[in-house]
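This report refers to the structure that appears directly beneath it.
The values are calculated or read from the model by the stated rules, or taken from the named source; none is laboratory data. It should be emphasised that the depicted structure is a prediction, and the values quoted were computed from it without experimental measurement. Neighbour counts run over all protein chains shown; Cβ positions are idealised from the backbone, glycine included.
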Amino acid sequence: MSSKLKIQIKVNSIEERQEEIIEEFSMFEDWMQRYEYMIELGKSLPLIDEKFKTDDNIIKGCQSKVWVNAEFKNDNIKFTADSDAIITKGIVAILIRVFSDQKPEDIINAKTDFIDEIGLKEHLSPTRANGLVSMIKQMKMYAIAYNSQQNNKA
Amino acid sequence: MTTTSEQLLDIKKIREDFPILHREINGKPLVYFDNAATSQTPKHVIDCIVDYYETKNANIHRGVHTLSQMATDAYEEAREKVRAHFNAKKAHEIIFTSGTTHSINLVANGYASVLQKGDEILVSAMEHHSNIVPWQMLCEKTGAILKVIPMSYHGELEMDTYKQMLNDKTKLVFVNHVSNALGTINPIEDIIHLAHAVGAKVLIDGAQSAPHIKADAQALDVDFYTVSAHKICGPTGVGMLYGKEDLLNMLPPYQGGGEMISEVTFEKTTYAGLPHKFEAGTPNISGGIAFGAALDYMNDVGFENIASYESELLKYATDEISKIEGVEIYGTSPEKKTAVLSFNIKGLHPYDIGTLLDKMGVAVRTGHHCAQPIMEFYKIPGTVRASFSFYNTIEEIDIFISALKKAKTMLL
Ligand SMILES: Cc1ncc(COP(=O)(O)O)c(C=O)c1O
């Protein structure tokens, strides 16, 4: 049972999840299909516990609100998130799929080029109001915090 | 059909004056409906900037050589054009600034040495942040009290309350001529008249009115009026402050430097007269000249024609958008506002709508439009704002409406 679990985690490394997403997006022919899919992802993002929608968890993007919450369980970080804008929610859903239930160290070291490859580069601009860059930064910050906590304990 | 103003204006020919209107965005022809943020620039104005650098570029007001004289003359000619346009009594009542924000800060800074603790200043509930923050800073410095003139749900100022707020402690009143978030045209004649009756001075932020309404400084008897050139077909980074001569003379200079002095020793500096007292350093010379050219262009098109054509565009857009279920429009009826359509669709976030419209080549503004108090008033995160200009067309509104319907289907 435990060995099986390990294999599963391995199959689902950050890189592999990114590959998976790149493949999914490569099937779309135009922007509309891409956005429809992101909207779909946004709508299917599991609801965040209302108690986590605090000002502390808000990521400052100027136009839409994004909340990201992190919990540390079994050596992994579990992210949950929400946004009042659906496209933003789709974007954060993609990030959660990549980074949630991963080890802090892996999150810290993860590359984020895949965003470029799935045609969302326009959302990467730091001046863009949806704060994708800040979302990634915030997730990595959580990872750094948990990582140092872990190291201190060890 | 509403062809009268269109024929009057020859929109097709006008559109040819604007090179940018012929480019594509995301593979679609650009539909530019963010005119309230920045207007597009006609070739005439672009050429004027090019011509300046190709034939006249030199520093002004200080050279004896011919080129410097030419540049100075062109710059001062532009000042005269601005004076004539706003019907100021004297050209030196026109201060060239970097835009409305700069103009307002210049006045606010000056009043720091005039106001006293307990003085009251009034600002409307529908101001742009640049007509709120400088006054808050001024209050912090002086101990003056900032009071807010409330607005109704329709986005109109509550004039009865305003009247009651005025008293002999009121020293300054700030209101925008036209609200950028709602398009409301405020009754500034009454606002100015009532303020003067208690001895208060009035600054009108004309950033949003200038593209649609020709304000007459003398007829209005306004004390200060501010404009940004980039909203009236001119370049960015230049604008003006109109101020009555005696008030500008009373206010201390804003920045120290070259140009603004008449004599400097290490013991004492005497300041230059108007307008130079407020124009320290080398100004945006080409910008100032192009500002003049932009006013020429707009006056050639004619402000009356512009106003009637834009109101047709607004009416058509309002009628069409109202057919879409769930649309809520913020701001008064088309008769009382400029060509601004600020709206939301029930259940949808303005950011999502704006993002999808952009994908379809339609440029609108989304968000709080630097007027967070208004969004707070309506309890919304922001709006989608489509703002029209005289070079926009009914066909473009049709494209916008069908893009909006498509976005709605995708998002719901
Ligand atoms: C009503 C109003 N006031 C002030 C400003 C600020 O103008 P600027 O950024 O050109 O200084 C704007 C611009 O959006 C505006 O709409």
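Check region B:65-87 and report whether any residue there is within 16 Å of the ligand (Cβ to nearest atom) and crowded, with 18+ Cβ neighbours inside 10 Å. Yes, that holds for at least one residue. Answer with yes or no whether B:Thr355 is assigned to a strand (DSSP E or B), surrounded by 23 or more Cβ atoms within 10 Å (Cβ to Cβ), at pLDDT below 95 and of a type outside the set (Asp, Glu). No.
Scan region B:376-412 residue by residue and report those that are in a helix (DSSP H, G or I), of a type outside the set (D, E, K, R) and within 11 Å of chain A (Cβ to nearest Cβ).
Within region B:376-412, the first condition is being in a helix (DSSP H, G or I), and the residues that meet it are B:376-378, B:394-411.
Next, from what is left, pick out any that are of a type outside the set (D, E, K, R): B:377-378, B:394, B:397, B:399-404, B:407, B:409-411.
Selection gives B:Ala407, B:Thr409, B:Met410, B:Leu411.
The residue list B:Gly287, B:Gly347 contains one member that is within 14 Å of chain A (Cβ to nearest Cβ) and either farther than 17 Å from B:Ile397 by Cα or assigned to a helix (DSSP H, G or I) (or both), which is B:Gly347.
Using the structure shown, decide if B:Ser152 is among the hydroxyl-bearing types (Ser, Thr, Tyr), loosely packed, with under 15 Cβ neighbours inside 10 Å and either at pLDDT 95 or above or within 30 Å of B:Ser39 (Cβ to Cβ) (or both). Give the derivation first.
Details: among the hydroxyl-bearing types (Ser, Thr, Tyr): yes; loosely packed, with under 15 Cβ neighbours inside 10 Å: yes; either at pLDDT 95 or above or within 30 Å of B:Ser39 (Cβ to Cβ) (or both): yes.
Judged against the criteria, B:Ser152 is a match.
The single condition from (1) more than 14 Å from chain A (Cβ to nearest Cβ); (2) surrounded by fewer than 23 Cβ atoms within 10 Å (Cβ to Cβ) that B:Tyr330 fails is (2). Take the conditions (1) modelled with pLDDT of 95 or more; (2) closer than 17 Å to B:Ala37 by Cβ; B:Thr366 misses just one of them, which is (1). Taking the criterion of being at the interface with chain B (Cβ under 10 Å from one of its Cβ atoms) and out of contact with any strand residue (DSSP E or B) (no Cβ under 7 Å at 6 or more places or on another chain), the residues of region A:41-64 that qualify are A:Gly42, A:Lys43, A:Gly61.
Inside region B:127-149, residues that are surrounded by 15 or more Cβ atoms within 10 Å (Cβ to Cβ), away from the ligand (no atom under 16 Å from the Cβ) and part of a loop (DSSP other than H, G, I, E, B) make up a count of 1.
Among the residues of region B:88-110, what is the count of those that are of a type outside the set (A, V, I, L, M, F, W, C) and within 13 Å of the ligand (Cβ to nearest atom)? Of the residues in that region, 8 qualify. Would you be able to say whether some residue in region B:155-176 is under 25 Å from B:Val114 (Cα atoms), within 16 Å of the ligand (Cβ to nearest atom), in a helix (DSSP H, G or I) and away from every other protein chain (no Cβ under 14 Å)? No - not one qualifying residue is present in region B:155-176.
Within region B:5-44, being aliphatic (A, V, I, L, M), away from the ligand (no atom under 16 Å from the Cβ) and away from every other protein chain (no Cβ under 14 Å) holds for B:Leu8, B:Leu9, B:Ile11, B:Ile14, B:Ile20, B:Leu21, B:Leu30, B:Val31. In the set B:Ile60, B:Ile25, B:Ile14, B:Ile20, only one residue is within 23 Å of B:Ile285 (Cα to Cα) and not aromatic (Phe, Trp, Tyr); that residue is B:Ile60. Restricting B:Ile20, B:Ile25 to those that are of a type in the set (Val, Ile, Thr), closer than 18 Å to B:Ile399 by Cβ and modelled with pLDDT under 95 reduces the list to B:Ile25. Here A:Asp82 fulfils each of the conditions (1) under 14 Å from the mean Cα position of the chain (by Cα); (2) surrounded by fewer than 16 Cβ atoms within 10 Å (Cβ to Cβ); (3) among the acidic types (Asp, Glu) apart from (2).
Taking region B:299-337 as the search range and keeping residues that are assigned to a helix (DSSP H, G or I) and aliphatic (A, V, I, L, M), which one is nearest to B:Thr383 (Cα to Cα)? It comes out as B:Ile321. Scan region B:228-263 for residues that are within 16 Å of the ligand (Cβ to nearest atom) and closer than 19 Å to B:Leu172 by Cβ and the total you get is 3.
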